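Step one of this worksheet: look at the structure below.
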Amino acid sequence: MSDMNFDLVVVGSGPGGYVAAIRAAQLGMKTAVIEKEHLGGICLNWGCIPTKALLRTADIYTLLKHADEFGIKVKGASVDLKKTVERSRQVAGQLSGGVKHLLKKNKVTVIDGHGKLAGSGKVEVSKDGKVVSTVAAKHIILATGARARTLPGLEPDGKLIWTYKEALVPDVTPKKLLVVGSGAIGIEFASFFNALGSDVTVVEVMDRILPVEDAEISAFAEKAFKKQGMTIHKGTTVSELKKSGNTVTATFKDKKDKTSSDTFDRVILAVGIVGNVENLGLEGTKVKVDRTHVVIDEFSRTGEPGVYAIGDLTGPPWLAHKASHEGVICVEKIAGEKDVHPLNTANIPGCTYCHPQVASVGMTEAAAKEKGYDIKVGRFPFIGNGKAIALGEQEGLIKTIFDAKTGELLGAHMVGAEVTELIQGYGIAKTLETTEIELKQCMNLCLTLMVRSSTCRCKLFRQHMNVC
Amino acid sequence: MPITITMPALSPTMTEGKLANWQAKEGDSVASGDVLAEIETDKATMEVEAVDEGTLGKILVPGGTENVAVNTPIAILLEEGEDASALDGYEAEGGAAPADTPAPTAEEKGGDLAPKAAPAPSQNTKAEPEKLGDRIFASPLARRIAKDAGLDLGSISGSGPHGRIVKTDVEEAIASGGAKAAAPEKAATAPAPQAATPPPEGNYEEIPLTSMRKTIARRLSEAKQTIPHFYLTIECELDNLLAMRKELNARSDDYKISVNDFIIRASALALKKVPTANACWGGDKILQYKDFDVSVAVAIDGGLITPVVRNADQKGLAVISNEMKELAGRAKEGKLMPEEYQGGCFSISNLGMFGIKEFSAVINPPQAAILAIGAGEMRPVVKDGALAMANMMSVTLSCDHRVIDGALGAVLLKHFKGYIEEPLTMML
């Protein structure tokens, strides 16, 4: 075996792990990454990327169904599910190959197997339950990610009751589908299968869907989904899933303990995630685990010297780009780079690629009020935006939240066409500490979806600079 | 209009660097992102990329030039549609009328430029103070909050990328009382770093500010305007110390201990006896240091710098002496790393070698005290009721009253005096 002494070993090659490893290699560290399954982790293989590929099919199919409105005659459009899934897998495969290439190009050693802490500065690698090697490292980053949470009584069986993993490679389009949980994952699957023609019911325990978003955006999205034919039960839990033959009967319980039931072909469980903290050799170390997630400081340090944790294995928000960013900060801090600042969680954008799309960065209106800010809120519905009308997607809303005192942009929240791209503008504005004055001075191209947002600001401050 | 390319600051603390070589030639067309030149600092070689698109019209500072001050114009970029004629009468940074100064071309041959001199400022003989150098990089939000608080951005150091001032920096400055202190004195504070309006007429030469001069101006103005200084002077007898020094230095050639080395160690040990004085003002709190790091002011070309002897309480005189020699040597060559002159809990400024009897020094923020050392000299003293001669040295401690009260400062000095007068106790 070649030299197994490294400056840095990363356990897990998801968007946190592989990015951290590459950054470390760029900074001159001898780096290895240990991966037991797929390079690129859940995000590339079983998460963000393949769902985006599926949703692309859903979007095109939805457009084709409305082709007539745009003056295009399309007859007999239908979805080939097998091919749709194949394409999604191919996209994931291509990107995973890209990660492999990147790691190789940056001279990161890739070790196949399961990594586990084995005493100070050591990681034991096992394959199929057998220890195959031990590597030594001055620094160890744990980036083992998370998996779907299961609730007692609601265990997935992989056949009728799915997690994201089965839902990504469906063998059938369920006629009647139940989605438990209305976070980003649940809503994206609900939106996909709804577009493909499933009769979709979404159950959410909180009193609104997409609970991390601004309440107004949640309400707007709910209205849009219902218009598309979804059934949504809020403030409701699933108390039982009973399988019989090819169907599942779900018992719902609402806040007043009133029960009802319905029968479905398939169920998707999307009730959150739990960190992959097991079998990592954390026992006997100073690494602290709080409700399945590793506790870290602002530079990803755990209590154990030389051991760091990043990404979904640690606290929320559980987003791929947050994991990558955290990995880079952690590595730069280890390398003693100057001007390394902790992650500013207020500037992390979040997107849900349902139809209409949902995107946000920063504080919701409620959060800002709770923090004691005196706020100014700007709102602009897409119905007044030229581009949105031309696209035939006039269903949408942009909401901006400013600190009334300093003009600080506290949050931006959007629902509508392409908002997952638009949010980046506000992300940059926020990171650069832009106030409403600069946003007002920034001229938006007339025919963009963004132009509405300058109107959004104009409305707010009664100044008119909008030329379109 | 041609665009002036200036020497970039590759780190917030960089004041000058070597323009190692040009990657682009005059007449080359460049796109944004193209590498124009390479800059060397003590630490690294970095590439200077074009920010704008155009043609490299003129190289003002030839490759291989050392000690090019940050913000010195190094080249002129012609925008699309402009040709070399646009350079006629155009002066880097839009300085004085061309008639007053030789056209840049006269100086640009490179051969007769003294390599040590930063070439560009010489073109600026009667120009306005350089605009880019005075620009304070701050986020819009930081500007707005500072303005609302009546805080001068020039008095705040930035923690953002390339030293950009961001919201938290301003908030910290406000919390540390900077805003309140600066507000009433705003009129006085604002012009300080830029110096008073020069007399309108007269025979004088204008000397452009170096980054170091600007930093000194800014930090010491801030110190005198925001720190409530008070001063304590005490006399120390040096005879025992000089005798001991002589004996120690006679023992080996591996070191040559100076009086200043004793002073460094005595300061650290005195602070250790009075740990509450080893602290700085933190706005809504006092930060008490756990280490005993002593900064020592070293005069260098064009200013001064304060290399730090870390953990001076734990180091022997020979170690301190050799370390100090090495630091001072590199300080004079301008080769100290930021971590070697930043930080420190307490400063020493020694003008004894110039025969200064005593003086009071300006505190080096964020520290809370500085010890000004006068000359050691034979003075008449009263010993056992009779007049006698002794080697005496006056030292003056400047204290930040927010952190150190009079009695505390006096106790610190008493311990210092004890160590100096009984240097054997320093060996314990």
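The values are calculated or read from the model by the stated rules, or taken from the named source; none is laboratory data. Please read all numbers here as calculations on a predicted model, not as lab measurements. Here Cβ is always computed from backbone atoms with ideal geometry, including for glycine, and neighbour counts include all displayed protein chains.
Below is a table of values for the structure above.
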quantity: Pick from the range A:356-407, criterion aromatic (Phe, Trp, Tyr) and over 19 Å from B:Asp148 (Cβ atoms), ranking: nearest to the other protein chains (Cβ to nearest Cβ); calculated: A:Phe380
quantity: Filtered residue count, the range A:86-114, keeping only those that are more than 27 Å from A:Val277 (Cβ to Cβ), over 20 Å from the mean Cα position of the chain (by Cα) and of a type in the set (Val, Ile, Thr); calculated: 0
quantity: So B:Gly329, is it without any contact (Cβ under 8 Å) to a residue 40 or more places away in the chain and assigned by TED's automatic domain parsing to the domain that holds B:Val298; calculated: yes
quantity: Extreme residue, surrounded by the fewest Cβ atoms within 10 Å (Cβ to Cβ), among residues of the range A:117-145 that are closer than 18 Å to A:Ala335 by Cβ and among the β-branched types (Val, Ile, Thr); calculated: A:Ile140
quantity: Residue tally, condition within 13 Å of the chain's Cα centre (by Cα) and closer than 20 Å to B:Cys399 by Cα, over the range B:329-346; calculated: 2
quantity: Top-ranked residue in the range B:1-51 [being among the hydroxyl-bearing types (Ser, Thr, Tyr) and modelled with pLDDT under 75; ranked as nearest to the chain's Cα centre (by Cα)]; calculated: B:Thr13
quantity: Total residues in the range B:243-292, condition under 16 Å from B:Asn322 (Cα atoms), acidic (Asp, Glu) and in a loop (DSSP other than H, G, I, E, B); calculated: 2
quantity: Filter result for A:Asp257 (more than 21 Å from A:Ala359 (Cα to Cα) and at pLDDT below 95); calculated: yes
quantity: Candidates A:Gly386, A:Gly372 - the one that is over 26 Å from the mean Cα position of the chain (by Cα) and on the phi < 0 side of the Ramachandran plot; calculated: A:Gly386
quantity: Single condition A:Val202 does not satisfy, out of (1) touching a residue at least 60 places away in the same chain (Cβ under 8 Å); (2) touching a helix residue (DSSP H, G or I) at 6+ places or on another chain (Cβ under 7 Å); calculated: (1)
quantity: Residue match in the range A:31-47 (condition: farther than 22 Å from A:Ser198 by Cα, in contact with a Leu (Cβ under 6 Å, 6 or more places away or on another chain) and at pLDDT 95 or above); calculated: yes
quantity: Extreme residue, surrounded by the most Cβ atoms within 10 Å (Cβ to Cβ), among residues of the range B:293-319 that are part of a helix (DSSP H, G or I) and out of contact with any strand residue (DSSP E or B) (no Cβ under 6 Å at 6 or more places or on another chain); calculated: B:Leu317
quantity: Per-region count, the range A:160-180, residues modelled with pLDDT of 95 or more and basic (Lys, Arg); calculated: 2
quantity: Verdict on A:Phe6 being in contact with a Ser or Thr (Cβ under 8 Å, 6 or more places away or on another chain) and of a type in the set (Phe, Trp, Tyr); calculated: yes
quantity: Selection count where residues are aromatic (Phe, Trp, Tyr) and either part of a strand (DSSP E or B) or at the interface with another protein chain (Cβ under 9 Å from one of its Cβ atoms) (or both), scope the range A:408-433; calculated: 0
quantity: Residue ID - modelled with the highest pLDDT, chosen from residues in the range A:326-336 that are within 14 Å of chain B (Cβ to nearest Cβ) and over 11 Å from A:Ala24 (Cβ atoms); calculated: A:Ile329
quantity: Flag if A:Thr448 is modelled with pLDDT under 80, under 26 Å from A:His355 (Cβ atoms), more than 14 Å from chain B (Cβ to nearest Cβ) and in contact with a strand residue (DSSP E or B) (Cβ under 7 Å, 6 or more places away or on another chain); calculated: no
quantity: Top-ranked residue in the range A:146-195 [being among the small types (Gly, Ala, Ser), surrounded by fewer than 22 Cβ atoms within 10 Å (Cβ to Cβ) and over 19 Å from the mean Cα position of the chain (by Cα); ranked as farthest from A:Arg208 (Cα to Cα)]; calculated: A:Gly158
quantity: Of all residues making up the range A:176-211, the number that are in contact with a Cys (Cβ under 9 Å, 6 or more places away or on another chain) and more than 15 Å from A:Asp59 (Cα to Cα); calculated: 2
quantity: Any hit, the range B:192-215, residues being part of a helix (DSSP H, G or I), polar (S, T, N, Q), modelled with pLDDT of 65 or more and buried (at least 16 other Cβ atoms within 10 Å of the Cβ); calculated: yes
quantity: Qualifying residue in the range B:299-306 (condition: of a type in the set (Asp, Glu) and modelled with pLDDT of 90 or more); calculated: no
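Rundown of residues vs (1) of a type in the set (A, V, I, L, M); (2) touching a helix residue (DSSP H, G or I) at 6+ places or on another chain (Cβ under 6 Å); (3) loosely packed, with under 14 Cβ neighbours inside 10 Å, yes/no style:
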residue: B:Phe354; (1), (2), (3): no, no, yes
residue: B:Ala388; (1), (2), (3): yes, no, yes
residue: B:Ser398; (1), (2), (3): no, no, no
residue: B:Leu412; (1), (2), (3): yes, yes, no
